[in-house]
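Engineer: Structure below; questions to follow.
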Amino acid sequence: MTATATPGWRYLRPGDLKRLRNMEFVARRVVEGYFSGKHRSASRDSAQEFADYRGYVPGDDLRVLDWKAYARTDRFYIKQFRKDTGMTCYLLLDKSNSMAYLADRGDLSKLEYACYLVAALGFLIVKQGDRAGFCLFDNEVRGYLPPGGTFPHLFALLNGLEDLKPGRTTRISASLRRAFHLMKRRGLLIVVSDFLDEPNEIYSALSMFTHKKFEVILFHVLHDHEMSLPQVDHARFIDLETRASLIAEPALLRPAYQQEMDRYLGLMRAHARARRIDYNLVTTSTHYNEVIERYLWVRHAAARVR
Amino acid sequence: MDAGGAAALALPVIIHLLTRHTPRRVLFPTLQFLRRARARQSRLLRLRHLVLLLLRLLLVGLLVAAFTRPVLKLPFQKALGAQGRTATLIALDLSLSMGYTGAGATPLSRAKAEALRLLQSLRDRERANVLFVAASTTAATPQLSRDLNLLREEIEAAGPTMQEADFGAALGQAVEALERPEAQGLEKELYIISDFQRTNWAGVQLDGVPREVNLFLVDVDTGEKRNTAITSVRTRPAAARVGETVEMDCEVANYSLQAQQVPVSFELETGRQTSGAGAGGRESRLRLEQQLLVPAYGSATAIFRLRPQLPGDYEGTLRIPADALKADNVRYLNLRVRKGLVTYLVTDENPEDDATGAFYLVRALVPSRSKEAGLTAKVLNSKQAAGRDLRAADAVFISNLDRLEETLARNLDDYMMRGGAVFYFAGAGEVEDQLSALDQASSTGRVTPFTVGELLEVRGLGRGFVTWREARFESPMLSLFREPEHGDLSKIRFYKFRLVTDAYRRAETLLRYEDGTPAAARTRVGAGSFVLCNFSPHPLAGDLIKHEVFPPFLHELVKGARAEEAAPQDFLVGQIAFFARSRGDWELTRMDKWKWITAGG
């Protein structure tokens with residue numbers, strides 16, 4: 001991927017920038033990097049940059065109370081620090097053929113929707129001074145942009161999304177395993193996909209990341225029709241990847257289909273919960289901005305605990 | 001039948017074949033779920049077509065037969081199977097979901113109709129009984145009865161409860177009832193009438209029902225429900241103090257086939273000034289709202305955070321939009337906020353004598369006499385502590401007791417079970433006997449994370465002191481000291497510690513000496529915990545009291561050991577309870593623990 005200076009990207013519009021500029025993406029777990037007000041450091045050797053003292057008021061956290069100052073002066077003082085950040089985030093986007101699904105012309109396909117999500121997340125991460133890497137995959141890794149924290153780097157990422165076409169079949173677990181070896185530095189892994197693969201294999205591959213102390217977030221993108229079948233009387237369904245076909249009456253098949261979907265989604269959630277992976281089911285009927293805003297609000301609230 | 005009739009019968013077949021539509025081409029992401037659904041449905045789908053064809057044939061056949069006047073015998077449905085006399089038990093589900101109103105008639109009204117129909121089909125003098133199943137199961141009559149009118153009245157009077165149904169216990173009761181002498185020699189039948197909600201039935205085993213009992217499951221589920229419910233609410237910490245962030249987790253479940261957007265609102269009646277995330281200023285009434293996307297048959301959690309600025313009791317309400325089952329759309333809670341943390345120091349030493357560990361403990365717990373101090377310490381001797389209600393304390397420190405009597409041991413056990421934290425310094429004295437007494441009084445069987453032996457004096461050995469070499473910084477009690485500039489725990493010297501045997505595998509080791517001996521470890525006891533400190537604040541046992549880190553170390557122990565959640569209530573919804581005054585505090589007690597209270601007492 002090469003960086004260009006072309007302004008105006010399809011997947012990051014001025015309206016989106018306005019909404020995103022006041023948001024921030026907070027690491028929930030301890031990550032590599034410098035100690036900061038946003039991200040807690042794993043390194044015991046890292047030093048905070050001390051800025052100033054102020055007087056203690058009831059309710060202040062005793063953790064930042066300077067006991068030495070108290071011993072000398074018999075008064076309580078609170079230390080204040082300068083913030084610093086250093087999180088590395090990897091954005092993985094599924095461009096397999098199944099992501100090309102769209103219900104009607106003028107609708108967003110799942111791939112386009114996912115591109116909007118990735119663009120917004122990439123912007124947030126670079127804007128707050130962290131580093132974002134990018135990886136495209138279908139049945140294997142098709143492109144990789146190593147992490148970077150500059151705006152030209154973000155432009156390269158956005159350029160990579162511009163003319164993205166869906167690729168081949170889905171093999172998420174193989175792609176994840178290949179991508180794992182590309183990611184030298186642990187950090188935050190965000191996978192945006194429809195995850196139409198065997199859940200056991202997907203999570204087995206993700207375990208490689210969690211074992212290496214990555215924080216993993218999944219955005220599972222589906223269309224409403226995948227949740228409950230389109231409203232047609234009698235259909236010949238054609239698989240976007242294999243071109244196999246199946247004739248069925250959706251109205252008759254819907255209850256059993258929804259049970260199968262519920263079972264599959266339940267399995268995806270259960271696996272995520274067991275591995276403390278942040279799992280988010282997203283349907284394309286919800287505007288991507290709303291998804292990002294809501295997700296970040298909850299994440300921000302949870303990250304400030306303890 | 002003549003040619004005209006045959007032609008008439010052939011007509012539905014022709015119509016059936018002609019009405020099959022040409023399928024519409026639909027590109028779809030994957031066929032895997034469609035295939036699985038079809039495999040599940042395939043027999044039913046073919047059957048449906050077949051049934052449709054047969055119905056059409058039947059209709060025409062009846063019309064044709066009407067002209068030729070055939071004699072038809074339709075099958076007669078007999079409600080009950082037995083030819084002989086029966087002992088019939090009906091288990092009627094009265095759980096919360098049976099009151100669902102979304103689909104017209106509630107499942108309970110359908111269940112009652114089924115139960116009444118069953119009773120009606122019983123012959124005179126057959127025996128029956130009805131079990132009403134909720135969190136506990138009650139029987140209409142003490143044993144199988146011939147008084148069917150009484151059973152009918154009981155069924156008609158039954159209403160839904162606000163509880164889950166414990167069908168495991170109900171089945172046990174049902175089997176016991178059918179094995180009684182009055183059921184001997186009779187054909188035994190058990191009817192379970194329920195909507196078979198997953199939450200009630202997930203762990204139920206039906207193979208406990210004996211073979212000779214005929215089991216019938218009657219499903220009165222009204223079909224697809226769109227019910228969302230608040231399933232749990234947790235506040236952390238359970239007992240907050242002024243200026244501390246309180247987190248409230250509200251779990252919302254979605255019992256429907258579609259993902260739901262659920263707005264969750266939280267209101268807090270304060271009457272005082274509070275601040276909270278998103279509240280935007282000082283209000284006497286705080287209102288927060290969050291939107292949750294709850295997946296089908298899944299749950300999601302709304303997290304509300306606030307920071308009370310004044311002590312007191314705050315009443316809160318969590319709500320989601322009302323649906324066909326309103327009872328589970330609201331939760332009420334009480335948030336108690338105190339000014340600061342309270343500790344008790346239980347010691348038989350003189351806290352004014354600077355040659356004792358108690359002297360330094362008190363001064364480290366409360367280093368300033370300022371009214372703004374966030375922590376207070378009250379000193380009690382062992383006799384005072386035995387008769388005292390310890391629940392007002394966030395933590396109890398025990399150091400140098402002459403004896404630990406059984407009453408004190410039980411009081412401490414009760415305190416820990418309800419969420420209290422006890423820190424025991426294993427210095428000099430009859431430590432082994434005292435810890436053994438605590439274990440014996442324990443409701444859980446054991447509180448001590450390890451067994452201690454003799455007190456070892458390190459002076460004169462090697463350097464003359466030992467230090468801590470390992471610390472569990474992930475624990476909230478020690479996390480502040482992960483960064484050495486907040487206090488370097490490894491610099492503290494100890495001249496005495498106890499040998500350790502028999503470490504309890506369920507204990508959490510917090511600190512270790514350089515030779516691996518546990519220096520401090522924690523055991524969970526009910527909602528609270530017990531921390532055994534294999535060191536002492538006595539000036540001759542080490543230089544702990546001389547370190548600047550000693551006060552924040554104790555403060556962090558107290559803060560970090562607090563219960564995250566309130567002790568579980570042992571009440572069930574619908575159970576009768578009453579208020580009683582005990583030791584100056586009002587207490588909520590169940591009916592079966594009633595104590596008479598003299599007026600004015």
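Laboratory data are not the source of any read-out in this text; all were calculated from the coordinates shown. Not measured: the values here are computed from a predicted model. No Cβ is skipped: glycine too gets one built from the backbone with ideal geometry, and neighbour counts run over all protein chains shown.
Engineer: Given the pairs A:Lys213/B:Lys339; A:Lys213/B:Lys491; B:Lys378/B:Lys496, which span a C-alpha to C-alpha distance of over 29 angstrom in this model? Please list the in-between numbers first.
Structural biologist: Working: A:Lys213/B:Lys339 39 Å; A:Lys213/B:Lys491 31 Å; B:Lys378/B:Lys496 27 Å.
In this structure, A:Lys213/B:Lys339; A:Lys213/B:Lys491 lie more than 29 Å apart at Cα.
Engineer: Give me D for the stretch A:160-306 in µm² s⁻¹, whole number, from Stokes-Einstein with Rh from the Kirkwood sum over alpha-carbon pairs, 4 °C and 1.567 mPa s. Could you put the intermediate results ahead of the total?
Structural biologist: Values: Rh = 17.4 Å.
Calculated translational D: 74 µm²/s.
Engineer: Multiply the residue gap between B:Arg391 and B:Glu454 by 0.36 nm, knock off their C-alpha separation, and tell me the result in nm, one decimal place.
Structural biologist: 19.4 nm
Engineer: Which FRET efficiency value, to the nearest 0.05, do you get for A:Lys213 and A:Arg263 by plugging their Cβ-Cβ distance into 1/(1 + (r/R0)^6) with R0 = 41 Å?
Structural biologist: On the way: r = 31 Å, r/R0 = 0.76.
Once the sixth-power term is evaluated, E becomes 0.85.
Engineer: Between A:Arg10 and B:Arg338, how many nm apart are label points set 7 Å from Cα along the C-beta direction?
Structural biologist: Taking the simple label geometry, A:Arg10 and B:Arg338 are separated by 6.2 nm.
Engineer: Continuing with the same structure: For the pair B:Thr317 and A:Lys68, how long in nm is the line joining their label points, each one 7 Å along Cα→Cβ?
Structural biologist: Each label point lies 7 Å from its Cα, and together they span 5.3 nm.
Engineer: Now, a different point. Could you work out how much longer the chain between B:Glu406 and B:Gln261 gets when fully extended? Use 0.36 nm per residue separation minus the Cα distance between them, nm to one decimal.
Structural biologist: Going from the current span to full extension adds 46.7 nm.
Engineer: Further question on the same structure: Applying 1/(1 + (r/R0)^6) with R0 = 22 Å to the Cβ-Cβ distance of A:Glu290 and B:Arg226, what FRET efficiency is obtained, to the nearest 0.05? Display every interim value, and only then the final one.
Structural biologist: On the way: r = 22 Å, r/R0 = 0.98.
In this case the efficiency is close to 0.50.
Engineer: At a 10 Å Cβ-Cβ cut-off, how would you order A:Met183, A:Met208, B:Met416, fewest neighbours first? Before the final figure, lay out each step's value.
Structural biologist: Numbers: A:Met183 20, A:Met208 15, B:Met416 27.
Fewest to most other Cβ atoms nearby, the residues stand as A:Met208, A:Met183, B:Met416.
Engineer: Along the Cα-to-Cβ line of B:Asp502, 7 Å from the Cα, sits a label point; which residues in the stretch B:420-438 have backbone N less than 18 Å from it?
Structural biologist: Label zone hits: B:426, B:430-438.
Engineer: With an 8 Å Cα cut-off and a minimum separation of 6 or more residues, compute the relative contact order for the stretch B:108-231 in percent. Intermediate results must be reported in sequence, preceding the final value.
Structural biologist: On the way: 133 pairs, mean separation 29.7, N = 124.
Reported as a whole number, the value is 24 percent.
Engineer: Can you figure out the FRET efficiency of B:Glu289 with B:Glu269, using R₀ = 22 Å and their beta-carbon distance, to the nearest 0.05?
Structural biologist: Rounded to the nearest 0.05, the efficiency is 0.85.
Engineer: A further question follows. Amide H of B:Asp323: which non-local residues (sequence gap of 5 or more, or other chain) have their own amide H closer than 5 Å, using H built in the peptide plane?
Structural biologist: Under 5 Å from the amide H of B:Asp323: no residue qualifies.
Engineer: Provide the gained length on full extension for the span B:Glu470 to B:Ser145, in nm with one decimal, where the gain is 0.36 nm per separating residue minus the Cα-Cα distance.
Structural biologist: So the extension gain works out to 110.1 nm.
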